[in-house]
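Have a look at the structure below, then the notes.
The values are calculated or read from the model by the stated rules, or taken from the named source; none is laboratory data. Every value quoted in this text rests on a predicted model; they were computed, and no experiment measured them. All Cβ positions, even for glycine, are placed from backbone atoms using ideal geometry, and neighbour counts span all protein chains on display.
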Amino acid sequence: MAVIDVHTHMLTREYLDFLTEHGGPKYECKPTRAGQESIYMLGAPFMTLMPEMWDYEARIRDMDKAGVDLAIVSLTCPNAYFGDESISVRAATMMNDSMDEQHKARPDRIGWFTSLPWQYADAAVAELERTIALGAVGVMVIANIDGMNLTDPAFAPVWQAIDEKALPVLVHPTAPLGTPDMSLDEYGLVPPIGFMIDTTLAVSRMILDGFFDRYPNLKIIASHGGGTLPYLAGRLDRCHEMIPACSDAIKEKPSTYLEKIYYDSVVYSAGALNLCLDVAGPNNVLYGSDYPHNIGDMVGCLARVNGLATDVAARVRDGNAKRIFNL
């Protein structure tokens with residue numbers, strides 16, 4: 001039985017240097033008060049930089065120790081969403097080319113999601129075509145694209161192109177809109193709370209907007225067990241029933257859409273994983289680890305999956321991923 005990790009990240013030192021040069025003043029790379037080198041957005045740290053993020057040999061060793069066979073790597077936030085068109089395109093292509101190179105060197109261990117310069121639709125579609133031809137198996141998107149919602153009409157050509165290919169799309173959070181107003185710079189609140197807000201808000205808006213009816217072939221993977229979506233399924237349905245604005249664009253209950261999207265296993269308790277499975281069903285949950293972030297947990301996430309009923313664990317470990325990625 002194989003193990004496929006669908007939520008796991010890599011970047012390069014070249015990318016970090018490029019972000020440092022072109023990402024300011026919104027993005028900065030600097031140490032936290034604890035001395036951890038981190039990326040900041042609007043003054044709030046949201047990603048601790050770990051040496052394994054650019055060391056594929058270390059990654060393979062850690063995969064071997066944990067018992068993970070295949071990692072489908074992706075660039076995390078802020079992805080390529082900074083600078084003008086030439087800078088955004090360059091950020092995307094440098095990371096896509098790096099991941100393609102590593103995939104070709106280790107085709108049985110590394111797959112990859114393409115990153116796109118989403119702010120520039122024509123360039124994004126061109127990069128999608130280029131990278132899918134290279135061998136990317138899906139698309140990475142951040143839950144807000146430099147402050148723009150994923151349902152913004154500006155992104156419709158990109159979504160249409162992805163939908164036509166019926167590709168998996170990993171929706172990954174970043175620091176949400178309003179980060180300074182919510183004082184998320186305090187207590188390191190972006191990763192534990194801010195990320196969950198970002199994913200929950202993005203996917204909820206997609207559901208209520210009718211996005212999934214317009215793009216029925218997408219295979220959306222909501223990161224970190226869907227944020228708080230499994231916990232809020234009943235509340236979304238109740239609001240759809242009682243608040244007209246929540247049913248303007250869709251007639252089916254929001255929970256029916258929650259059953260159609262996918263979720264990773266990057267949760268940190270068995271209870272949370274079971275709730276995710278209750279809402280999504282055993283065919284729509286995928287193993288993920290968030291490695292090599294400092295709160296990533298390749299071993300722990302897999303142990304919780306292995307603790308499920310045998311047939312469910314098999315689907316989460318690799319069966320569902322093989323199906324939706326056509327592996």
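Here are a few things to note about the model shown:
- Residue within the stretch 152-162 that is in contact (Cβ under 8 Å) with a residue 40 or more places away in the chain, assigned to a helix (DSSP H, G or I) and touching a Cys at 6+ places or on another chain (Cβ under 7 Å) present: no
- Meets criteria (more than 28 Å from Ala314 (Cα to Cα), surrounded by 24 or more Cβ atoms within 10 Å (Cβ to Cβ) and among the charged types (D, E, K, R)) for Glu85: no
- On the stretch given as the stretch 250-264, residues that are of a type outside the set (A, V, I, L, M, F, W, C), farther than 20 Å from Val139 by Cβ and in contact with a helix residue (DSSP H, G or I) (Cβ under 7 Å, 6 or more places away or on another chain) total 4.
- Counting only helices (runs of 4 or more DSSP H) wholly contained in the stretch 185-261, the ones carrying 2 or more residues that are modelled with pLDDT of 95 or more and surrounded by fewer than 23 Cβ atoms within 10 Å (Cβ to Cβ) occupy 195-209, 211-214, 229-242, 254-258.
- Filtered by the rule that a residue be under 18 Å from the mean Cα position of the chain (by Cα) and in a loop (DSSP other than H, G, I, E, B), the stretch 295-318 gives Ile295, Gly296, Asp297.
- Residue ranges of strands (runs of 3 or more DSSP E) in the stretch 22-67 with at least 3 members crowded, with 17+ Cβ neighbours inside 10 Å: 37-41, 44-48
- Look at (1) surrounded by 15 or more Cβ atoms within 10 Å (Cβ to Cβ); (2) among the hydrophobic types (A, V, I, L, M, F, W, C); (3) within 30 Å of Asp311 (Cβ to Cβ) and you find that Met1 fails only one, number (1).
- Verdict on Leu116 being touching a Phe, Trp or Tyr at 6+ places or on another chain (Cβ under 8 Å), modelled with pLDDT of 95 or more, under 20 Å from Pro176 (Cα atoms) and not aromatic (Phe, Trp, Tyr): no
- So Thr151, is it closer than 27 Å to Gly226 by Cβ and buried (at least 16 other Cβ atoms within 10 Å of the Cβ): yes
- Of note, Arg205 does not satisfy the criterion of being under 23 Å from Gly271 (Cα atoms) and basic (Lys, Arg).
- Check on Ala92, part of a loop (DSSP other than H, G, I, E, B) and on the phi < 0 side of the Ramachandran plot: no
- Some residue of the stretch 173-184 being touching a His at 6+ places or on another chain (Cβ under 8 Å), outside any helix (DSSP H, G or I) and in contact (Cβ under 8 Å) with a residue 24 or more places away in the chain: yes
- All of (1) of a type outside the set (S, T, N, Q); (2) modelled with pLDDT under 95; (3) on the phi > 0 side of the Ramachandran plot hold for Gly67 with one exception: (2).
- Test for Ala91: is it over 18 Å from Asn326 (Cβ atoms), touching a Ser or Thr at 6+ places or on another chain (Cβ under 7 Å) and surrounded by 24 or more Cβ atoms within 10 Å (Cβ to Cβ): no
- Screening the candidates Val137, Val158 for the property of being closer than 20 Å to Tyr291 by Cβ and in contact with a Phe, Trp or Tyr (Cβ under 7 Å, 6 or more places away or on another chain) yields one hit, Val137.
- Taken together, the residues in the stretch 313-327 that are buried (at least 17 other Cβ atoms within 10 Å of the Cβ) and either of a type in the set (D, E, K, R) or in contact with a strand residue (DSSP E or B) (Cβ under 8 Å, 6 or more places away or on another chain) (or both) amount to 8.
- Residue in the stretch 280-297 that is of a type in the set (Phe, Trp, Tyr), closer than 30 Å to Pro51 by Cα and crowded, with 18+ Cβ neighbours inside 10 Å present: yes
- Residues being under 26 Å from Thr76 (Cα atoms) and either touching a strand residue (DSSP E or B) at 6+ places or on another chain (Cβ under 7 Å) or part of a helix (DSSP H, G or I) (or both) - total across the stretch 262-273: 8
- Ala175 meets the conditions (1) surrounded by 21 or more Cβ atoms within 10 Å (Cβ to Cβ); (2) farther than 19 Å from His9 by Cβ; (3) modelled with pLDDT under 95 in every case but one. The failed one is (2).
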